Amino acid sequence: MTHRSPASRTLEVKALARVEGEGAMFVEIRDGAVHDVQLRIYEPPRFFEAFLRGRSYTEPPDITARICGICPVAYQMSAVQAIEAACGITVDGALRDLRLLLYFGEWIESHALHVYMLHAPDFLGYESAIALAADHRPIVERGLALKKTGNDLVDVIGGRAVHPRQCARRWLLPGADQARAAAPVREPPAGA
Amino acid sequence: MSTDKPSVAVWKFASCDGCQLTLLDCEDELLEVAGEVALAYFLEAGLTSVRGSYALSLVEGSITTADDARRIQEVRQASRTLVTIGACATAGGIQALRNFSEVDEFRSIVYAHPEFVETLGTSTPISAHVRVDLELRGCPISKAQLVETISAFLHGRRPNISGRSVCSECKERGNVCVTVAGGTPCLGPITHAGCEALCPAYHRGCYGCYGPADTTNAPSLVVRLREGGMADDDIVRVLRTFNAYADDFRDASEAVAAGKGAE
Amino acid sequence: MTATATATGPMAPMVPHRYRVVSRHTETSDTVTIHVEPLGDPIDAPRPGQFAMLWAFGIGEVPISFSGLPGDGRLGHTIRAVGTATSALAASEPGTVIGVRGPFGNGWDVGDADGGDVMIVAGGLGLAPLRPAVDAVLAERDRYRRAVLLIGTRSPDDLMFHDDLARWRGRLDLDVQVTVDAADTGWHGDVGVVTTLIGRVPVEPGNTLALVCGPEVMMRFTTRSLIDRGLDAERIRVSLERNMQCGVGHCGHCQLGPELVCLDGPVFAWSRVAAQSAVRER
Amino acid sequence: MKVDGAASGPVVLDTAGLAAAVETLIGDGWSVIAPTVRDGAMVHDVIESVADLPTGWGDKQEPGRYRLRRRDDSARFGYAAPAQSWKRLLFPPRTTLWRAHRPPPGSADRDAGDFVVQVATATPRYAFLGARACEVRAIEIQDRVFLGGAHTDPGYRAARESALVIAVNCSSPADTCFCSSMDAGPRVASGADVVLTEVAEPQHREPWYLAEAFSDRGAALLRRVPSAAATPEAIDAADAVVANAAAHMGREMPDVDLHELLSESLEHPRWDDVAERCLACTSCTLVCPTCFCSSVEDVTDLTGTEARRDRRWASCFELDHSYLHGGSIRSGIRSMYRQWLTHKLGTWFDQFGTSGCVGCGRCVTWCPAGIDITEEIRAIAGPHLQEVTP
Amino acid sequence: MTKRTIRDLLGDHPFFADLDPEYLDLIAGCGQNVVFAADTPIAREGEPADFFYVLREGRVALDVHEPARGPIVVATLSPGDVLGWSWLFAPYRWRFDVRALEPVRAVALDGVCLRGKCDADPRLGYDLVHRFAGIMVARLESTRLQLLNVYGWPA
């Protein structure tokens, strides 16, 4: 929301939709100079640091993932690394590679989300990616395909796209999948 | 945007955004969904303007502030159908762990200036505040169930969402039971289906992220977990994660914490 | 590989036959009667008391008894809009195509009353599956002696089948009595539960077949009144409802002790289900 | 050593003979399904050769507990019932019954439009290798459910009619097995095309198989693989395997009239007792080789143009199972468990003329609470059993 | 056709089935034939219940008057039924309005007269109370079923 005058204006954004976390921003400009800036974080506190106390060392990765559903892997990995550091463990080889892949998947998903679904509509003057798709469907579809690729990577390594559980066994034991050949899991819904 | 399509709003309260992201994660269906409904309020997708009333509101997150307790009333009034998405909205979420402690202590531990932090003493599900038409379980919700719910809403049918246990989905999927064949503790017998038995399929015990099933017998599972060698502290913690404040899980963990039901 | 299904083909009885709604008549505030006619293969000719599985496209399937069997291949169904599928079916305007599977179940066996008296007791929507039975009795009226139709419903506004009621009441060879649970003074008929009517009609216990349909509580009290009047439980027939999904005894949902309601019923001699109906589930 | 027709005498197959049988079947286009080892248990899976069979593996099954173990021989069928039954294949956990299409949105006659129904017609061709007596009996029981009445289930019929059953007489019953007392094993009496008896030799020498054809198809198969005529000694050795199995049943169903007992015990206090332990998790019903309940789900795509009816396994331990008019008739675990047990062992007789239990023990092993139906029956039978149980 | 006496009429009525003939004579002494035209009041809530009626022809309605809705019918009685038990219990006042739905013929029995005879002969009193109790049980059960709203859909 913007109130214009030649050299003085007030910027007030009630919801900063382009960054994660919920905040509002208020900028007051007087005579061409920033007079006042207020950032209000109204995201309700959830107290992860408090309730993690007393949990077993095996639990933080699953719990910290819930800090953010858009970047759960980052929090899981941070927790894993913190625990490993505390235990004096270094992980390398295939396991480290798998972790990186999991991370890459999240990056791809998250960046595609931001570039195609949030920034592009802003820069091109659309209300949303859905409005953008009305005029530029192939571009939005490409963005969605990229996003899906990232999600698929997380899904394959972690079991699901949001709050994965580092369930890499399927990858490590290829035979396990074939075992399901005679027992198909449910197929996606019609139209999927 | 055309207005004859039912308008859908997505609301966030205390949560991680993961459940509403699940809607954006429906890459294959998203534009199709957008073709059938008018996405009218969805902050995460950049839609920020609130307009009038909504045919369907998807509500993520739990109620942890006085502001949010007011806001959910407005959302309810503006919504013909209100569906909660995820463990926070349905059971209070991981942040409901405060309900078992003192929030003032939590606040002073986490924040340098606790006086700036506004919060309620409890994290409560949406249904503790307003009437809820349907609760989608999970931390996070399942993409398939979300699309199914929207599809069912569009065509006026009951979504195919079963309240049976994760064991059902394990058997359906052909998983070998991790508890019986491996001695791995698993909350599957008392946990609501919907994840397609994700964790047991990868040899991990279910950690209850879909909350309690329709019919549960948590006290009996507690007995089994003890027989399997779990200490009471561990049992309390395993019941106290993302659905800690859901009735069946809460009652069971409180009973164990109080030393009840010991053999 | 897929193939266009004929409902009589290899996938019968799972595949619905296509029927078009040809008429829709509002019975009460929440209940309508639709008539449908086949677009392709018709289902086998139903008998009074049998039911069909009706499917609203993409919404769901529900068991609905036949409330009218005109005999020209058309089917009458009276539907109360209470869930999503029944609401969609009840809202079906003429022209709508719905799916029909059936006929399922055993029917009323009105012929068991041959040479004797017939007493038909209907509660609420329970009149729907009994309507074809009433007409079957009237169609061969000579086979029976006394014929009585007792109808109970919640209020005068909940009475259905007004044309039929007028027609039935106009016959001297059918004793029709109607009572409602509640009414204002605009209602000149009886007020009281349907069991009160049983005390008012002459009953020759050894020679009477009773057909009863309505909510389960109503049927339980009705059968008790009939037994009090001397009827043998075997001569009291009730039509039961359970969660029927397949209609052919395969899905297991409609079990009542040893009975599969969709297959062995829905019509049972009370003697056969009385004990099971008394089992307390919790 | 020629076998002519179904009634021909038994033959002996060595490993090469068994391998040839598997190769022949695969060559003829069969999917050969057999027990294999996966995730710490025996599971049925597609095999490509005898090498995929779990050679030298056995199991140890107890209420609520299953562990694989190494055998001290090279038996390929030296274990009891695998984790799940053949039901998975004949009556899959999830099936699309049919799909329907109608005109897309915007079409003039969309709402009143006709629709077209299509069904999947693919029919699998399974050869079941290694089915136990209890399992073959279970298939016969499901045949009565799905094929024996006025209506037949088309999908089941298609899969069943094409399925070839190469059964194995049980040599190694588990602690949870009680097929003998259900008259369902350990010897296969009927329902198979070929019945093998595996005779394992000590010191990891190759086992050999006494093979009997029970059908023309079975006889035809045996004619095509190398075999030797069975000597009386071979037949005796095979008989001894089965006799030994019968003597080592881990459990026993009390010898009472279960149908009568259960119909008279609907208010027995034991139902409250078992309800305290039962988790209502549905495992027993889904691993049971005869449980046949299913639910249908109607699904649409987002545009409402395509509809689908799916059928999935259901269980009487689901709250929705007895749903009627806004509530469930059986809403508590006591009612649910009573429904399961009284149906399985009692009212099944009324409906299908047989017991629903074959004594495979899966419901005992795979119950996360370790509930043992033979024990529950013993408790309910109580006084009836005084002279039998100490 | 011979004129039927009050005693004959009572003797044929199911309510007095198997009653000691001696008592029938006694009760008949308290009775008189009455006729009500259709839609006329028979009794009014709160008024002294001096009589009860043995219905012979025509139906009657028991109404409750509710200010906002007017009269609500709670039950109808038919020939073969007995109308009224308020005469038997203090304070001997009608609990409902009673209306003839059709032309009604009945035997009206004088409550005061009958109470006197019951007091004088407790065996008669017991018999009559027993008969009325049976009716009350049946009506209570009917009322409970009406309250159940069995035809309604569970909310």
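Here B:34, B:96, B:89, B:69 are screened, and the one residue that is modelled with pLDDT under 90, aliphatic (A, V, I, L, M), part of a helix (DSSP H, G or I) and not assigned by TED's automatic domain parsing to the domain that holds residue B:195 is B:34.
Checking every residue in the stretch B:139-153 against the condition of being touching a residue at least 40 places away in the same chain (Cβ under 8 Å), in contact with a Pro (Cβ under 9 Å, 6 or more places away or on another chain), more than 12 Å from chain A (Cβ to nearest Cβ) and not in a strand (DSSP E or B) gives at least one match. Of all residues in the stretch D:337-355, those being more than 8 Å from every other protein chain (Cβ to nearest Cβ) and within 21 Å of residue C:245 (Cα to Cα) number 4.
Of all residues in the stretch C:58-116, those satisfying the criterion of being touching a helix residue (DSSP H, G or I) at 6+ places or on another chain (Cβ under 8 Å), assigned to a helix (DSSP H, G or I) and among the small types (Gly, Ala, Ser) are C:111, C:113.
For the stretch C:18-34, indicate whether the set of residues that are modelled with pLDDT of 95 or more, buried (at least 22 other Cβ atoms within 10 Å of the Cβ) and assigned to a loop (DSSP other than H, G, I, E, B) is non-empty. Within the stretch C:18-34, none of the residues are modelled with pLDDT of 95 or more, buried (at least 22 other Cβ atoms within 10 Å of the Cβ) and assigned to a loop (DSSP other than H, G, I, E, B).
In the stretch A:101-120, the residues that are assigned by TED's automatic domain parsing to the domain that holds residue A:71 and polar (S, T, N, Q) form Cβ pairs under 8 Å with partners that are buried (at least 17 other Cβ atoms within 10 Å of the Cβ) and assigned to a helix (DSSP H, G or I), at six or more places apart or across chains, as follows: A:110/A:150. Screening the stretch B:176-201 for residues that are over 23 Å from residue B:136 (Cβ atoms) and part of a loop (DSSP other than H, G, I, E, B) and picking the one that is nearest to the other protein chains (Cβ to nearest Cβ) gives B:176. Within the stretch E:26-46, the set of residues being farther than 19 Å from residue E:132 by Cβ and either within 15 Å of the chain's Cα centre (by Cα) or aliphatic (A, V, I, L, M) (or both) comprises E:32, E:33, E:34, E:35, E:36, E:37, E:38, E:41, E:44, E:45.
Scanning the stretch A:134-190 for residues that are modelled with pLDDT of 50 or more, among the charged types (D, E, K, R) and not in a helix (DSSP H, G or I) returns A:160, A:165.
Here residue B:208 clears all of (1) in contact (Cβ under 8 Å) with a residue 24 or more places away in the chain; (2) surrounded by fewer than 24 Cβ atoms within 10 Å (Cβ to Cβ) except the condition numbered (2). Residue count for the stretch B:211-241, restricted to those that are crowded, with 20+ Cβ neighbours inside 10 Å and assigned to a loop (DSSP other than H, G, I, E, B): 7.
Let's see how each residue does on (1) over 20 Å from residue A:150 (Cα atoms); (2) of a type in the set (Gly, Ala, Ser); (3) more than 10 Å from chain B (Cβ to nearest Cβ); (4) exposed (fewer than 14 other Cβ atoms within 10 Å of the Cβ):
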residue	(1), (2), (3), (4)
A:75	no, no, no, no
A:81	yes, no, yes, no
A:85	yes, yes, yes, yes
A:110	no, yes, no, no
A:128	yes, yes, no, no
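Only a single item in (1) closer than 21 Å to residue B:93 by Cα; (2) out of contact with any Ser or Thr (no Cβ under 6 Å at 6 or more places or on another chain); (3) facing another protein chain (nearest Cβ under 7 Å) is not met by residue B:10, and it is number (3). When each of D:285, D:231 is tested for being outside the structural domain of residue D:143 (by TED's automatic domain parsing) and not aliphatic (A, V, I, L, M), the lone residue that passes is D:285. Filtered by the rule that a residue be more than 30 Å from residue B:200 (Cβ to Cβ), out of contact with any Pro (no Cβ under 7 Å at 6 or more places or on another chain), assigned to a helix (DSSP H, G or I) and not β-branched (Val, Ile, Thr), the stretch D:7-57 gives D:18, D:19, D:21, D:23, D:25, D:27. Going by the structure shown, is residue D:233 crowded, with 19+ Cβ neighbours inside 10 Å, of a type in the set (D, E, K, R) and either in contact with a Gly (Cβ under 9 Å, 6 or more places away or on another chain) or more than 14 Å from every other protein chain (Cβ to nearest Cβ) (or both)? Judged against the criteria, residue D:233 is not a match.
Among the residues making up the stretch B:158-175, those that are assigned to a loop (DSSP other than H, G, I, E, B) and either surrounded by fewer than 24 Cβ atoms within 10 Å (Cβ to Cβ) or of a type in the set (Ser, Thr, Tyr) (or both) are B:158, B:159, B:160, B:161, B:162, B:163, B:174.
Taking the criterion of being assigned to a helix (DSSP H, G or I), within 12 Å of chain E (Cβ to nearest Cβ) and touching a Gly at 6+ places or on another chain (Cβ under 6 Å), the only residue of the stretch C:205-235 that qualifies is C:218. Checking D:334, D:330, D:312, D:308 one by one, the residue that is within 8 Å of another protein chain (Cβ to nearest Cβ), without any contact (Cβ under 8 Å) to a residue 60 or more places away in the chain and of a type in the set (Lys, Arg) is D:330 and no other.
Of the residues contained in the stretch C:70-86, none is found to be of a type in the set (D, E, K, R), farther than 25 Å from residue C:158 by Cα and buried (at least 22 other Cβ atoms within 10 Å of the Cβ). You will find that of B:162, B:220, the residue that is of a type in the set (S, T, N, Q) and modelled with pLDDT of 95 or more is B:220 and no other. For residues that are in a helix (DSSP H, G or I) and either among the polar types (S, T, N, Q) or touching a Cys at 6+ places or on another chain (Cβ under 8 Å) (or both), scanning just the stretch D:356-376, find the one that is nearest to the other protein chains (Cβ to nearest Cβ). Among residues in the stretch D:356-376 that are in a helix (DSSP H, G or I) and either among the polar types (S, T, N, Q) or touching a Cys at 6+ places or on another chain (Cβ under 8 Å) (or both), the one nearest to the other protein chains (Cβ to nearest Cβ) is D:365. For the stretch C:90-117, the set of residues classified as among the aliphatic types (A, V, I, L, M) and either within 19 Å of residue C:241 (Cα to Cα) or more than 14 Å from chain D (Cβ to nearest Cβ) (or both) consists of C:90, C:100, C:110, C:113, listed by residue number. Of all residues in the stretch A:27-51, those being exposed (fewer than 15 other Cβ atoms within 10 Å of the Cβ) and of a type outside the set (Asp, Glu) number 11.
Those helices (runs of 4 or more DSSP H) of the stretch D:154-255 in which 3 or more residues are among the charged types (D, E, K, R) and without any contact (Cβ under 8 Å) to a residue 60 or more places away in the chain occupy D:232-247. For the stretch D:250-265, the condition holds for at least one residue, the condition being that it is farther than 19 Å from residue D:346 by Cα and surrounded by fewer than 23 Cβ atoms within 10 Å (Cβ to Cβ). In summary, strands (runs of 3 or more DSSP E) completely within the stretch D:64-129 and bearing 1 or more residues that are within 14 Å of chain C (Cβ to nearest Cβ) and modelled with pLDDT under 80 occur at D:116-120.
The values are calculated or read from the model by the stated rules, or taken from the named source; none is laboratory data. Remember, it's a predicted structure, so these values are computed and weren't measured experimentally. Virtual Cβ from ideal backbone geometry, glycine too; neighbours counted across all protein chains shown.
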